[in-house]
Amino acid sequence: MSDPHLSQASALIGSVKAGRGAAPIIKSFFDEPTNTASYVVHDPATRSAAIIDSVLDFDVASGRISHKAADKIISYVKAEDLTVGWVLETHAHADHLTAGPYLKAELGGQLAIGRDIIHVQNVFGKIFNAGTEFARDGSEFDRLFEDGDKFAIGDLQAIALHVPGHTPADMAYVIGDAVFTGDTLFMPDYGTARADFPGGDSRQLFRSIRRLLSLPSETRLFLCHDYKAVGREQFVWETTVGSQRSSNVHVHEGVAEDDFVAMRNARDATLSMPKLIIPSIQVNMRGGHLPEPESNGGRYLKIPLDAL
Ligand SMILES: [Fe+2]
């Protein structure tokens, strides 16, 4: 196979399916205000866990931060007696603030994201005119993954895959026989993520999706968001490679790259910015840390005018 990292991921998924490797226990937490699915993934043998794509509650009208969503995760981790080894981000989210540093402080674990977060930090560091306190070298995180990097959650094997397009730094995490896709794919009836944020690229997104969809058909996919496609009553955030290949409305088998790019670009041109993009990016580009306090001790977020 010409893609060694993908063939390693396929082999890992196959070995778990065949009962030769540990399978993860996955608990999902759906945050309806931001349509985000967060996950706690653990190894039943060692009770070692990873948290993926957490949410920090933010009320934009009052500027107030709270921890209701993150505290549900903390309660679960404590009730299940898990040890958190990793606090993973699939990317710098534009629609919710991450609770990564809060969860790390409460539960431990290494904060990790893709290495290309550095590009995202540079782009948005300029847009927000962040000062020298913002290093833009990824040092806000404990680990920066590159494509094909392997890591472990107890006895669970995991592989990080770089899947750019929605943003330049998007990662998908293959953990045992499950893949956490971040914002590449949505449910088959809803399609795919937008690719029009700074550094986004619809052609790259298509190629990243095709890569994920060349994993074994029975591979379980866990998505970062669901928006309930028209006609569907329930939120759903789990699907399979096979379902995506056969029925994803944007990228089912047979859709040509140029047709996808034309569709995605036309659709993105009609979308307004996510409600929380300005606070989200400012916090998430810092690994979820808030901007340093000003001389009066207060912390502030900026609104760049006519920049997004
Ligand atoms: Fe996103």
Rounded if a/c is under 1.5, else prolate if a/b is larger than b/c, else oblate: which is the range 1-150, with a ≥ b ≥ c the root eigenvalues of its Cα gyration tensor? oblate
Antiparallel %, DSSP beta bridges [both residues in the chain], to 5: 70
Listed highest first by mean packing, meaning other Cβ atoms within 10 Å per residue, what order do 300-308, 198-206, 85-93, 241-249 come in? 85-93, 198-206, 241-249, 300-308
Grab the alpha carbons of the range 96-169, take their convex hull, and tell me the volume per residue in Å³. 113
With an 8 Å cut-off on Cα pairs and a minimum separation of 6 or more residues, tell me the relative contact order of the chain in percent. 18
Tabulate in residue order the Karplus-calculated ³J(HN,Hα) for the range 129-137, using 6.51 cos²θ - 1.76 cosθ + 1.60 with θ = phi - 60°, rounded to whole Hz; enter x for Gly and Pro. 6, 5, x, 6, 5, 9, 6, 6, 10
If you count only protein heavy atoms and use a 1.4 Å probe, how large is the accessible surface of Arg211, to the nearest 10 Å²? 40
Could you look at the chain and say what percent of its accessible area is carbon and sulfur, using a 1.4 Å probe and all protein chains? 50
Looks like the range 1-65, by Cα gyration tensor root eigenvalues a ≥ b ≥ c and the a/c under 1.5 rounded cutoff (else prolate when a/b is bigger than b/c, oblate otherwise), is prolate
Taking 0.36 nm per intervening residue step and subtracting the Cα-Cα distance, what contour gain separates Arg299 from Ala229 on full extension? 21.4 nm
Each residue of the range 72-83 in order: what ³J(HN,Hα) in whole Hz does its phi give by Karplus 6.51 cos²θ - 1.76 cosθ + 1.60, θ = phi - 60°, with x for Gly and Pro? 5, 5, 4, 4, 5, 4, 5, 4, 8, 6, 9, 10
Among Ala172, Ala61, Ala269, which one moves the most in a GNM of the chain with springs linking Cα atoms closer than 10 Å? Ala61
Report relative contact order for the range 149-308 in percent, whole number only (criteria: Cα-Cα under 8 Å, sequence separation at least 6). 18
Set Lys17/Lys78; Lys104/Lys150; Lys275/Lys302, cut-off 25 Å on Cα-Cα distance; pairs above it are Lys17/Lys78
Distant-in-sequence amide H partners of Val87 (H built 1.01 Å from N, under 5 Å): Ile51, Gln110, Leu111, Ala112
Compactness index (Cα Rg / 2.2 N^0.38 Å), the range 190-270: 1.09
Debye log10 I(q)/I(0) at q = 0.23 Å⁻¹ for the range 58-147, Cα point scatterers: -1.25
From the C-alpha gyration tensor of the range 151-230, pull out the three semi-axes of the equivalent ellipsoid (sqrt of 5λ each), sorted largest to smallest, in whole Å. 21, 15, 11
Please compute the length gained on full extension between His252 and Ala18, using 0.36 nm multiplied by the number of residues separating them and subtracting their Cα-Cα distance. 81.5 nm
What whole-number value in cubic angstrom gives the convex hull volume per residue for the C-alpha atoms of the range 228-308? 182
Roughly what % of Cα-Cα distances in the range 132-283 sit above 29 Å, to the whole percent? 19
Could you state how much accessible area Phe235 has, in square angstrom rounded to the nearest 10, with a 1.4 Å probe and all protein chains kept in place? 50
Heavy-atom accessible area per residue of the chain, all protein chains kept, 1.4 Å probe, expressed in Å², is 42
Net length gained if the chain between Ile25 and Asp81 were fully extended (0.36 nm per residue, minus Cα distance): 18.8 nm
Helix-only [θ]222 nm of the chain, DSSP H runs n ≥ 4, -39500 (n - 2.57) each, per residue, nearest 500: -8000 deg cm²/dmol
With DNA, RNA and ligands ignored, accessible area of Arg143 (1.4 Å probe; Å², nearest 10): 70
Output for the chain (equivalent-ellipsoid semi-axes, sqrt of 5λ from the C-alpha gyration tensor, Å, descending) is 28, 24, 18
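The values are calculated or read from the model by the stated rules, or taken from the named source; none is laboratory data. Only a predicted model underlies this, so the values are computations on that prediction, with no experimental measurement involved. Quick reminder, even Gly has a Cβ in these numbers, built from the backbone with ideal geometry, and neighbours come from all protein chains shown. Areas reflect the complete protein model, heavy atoms only, side chains present, ligands, DNA and RNA absent. Shrake-Rupley method; radii C 1.70, N 1.55, O 1.52, S 1.80 Å.
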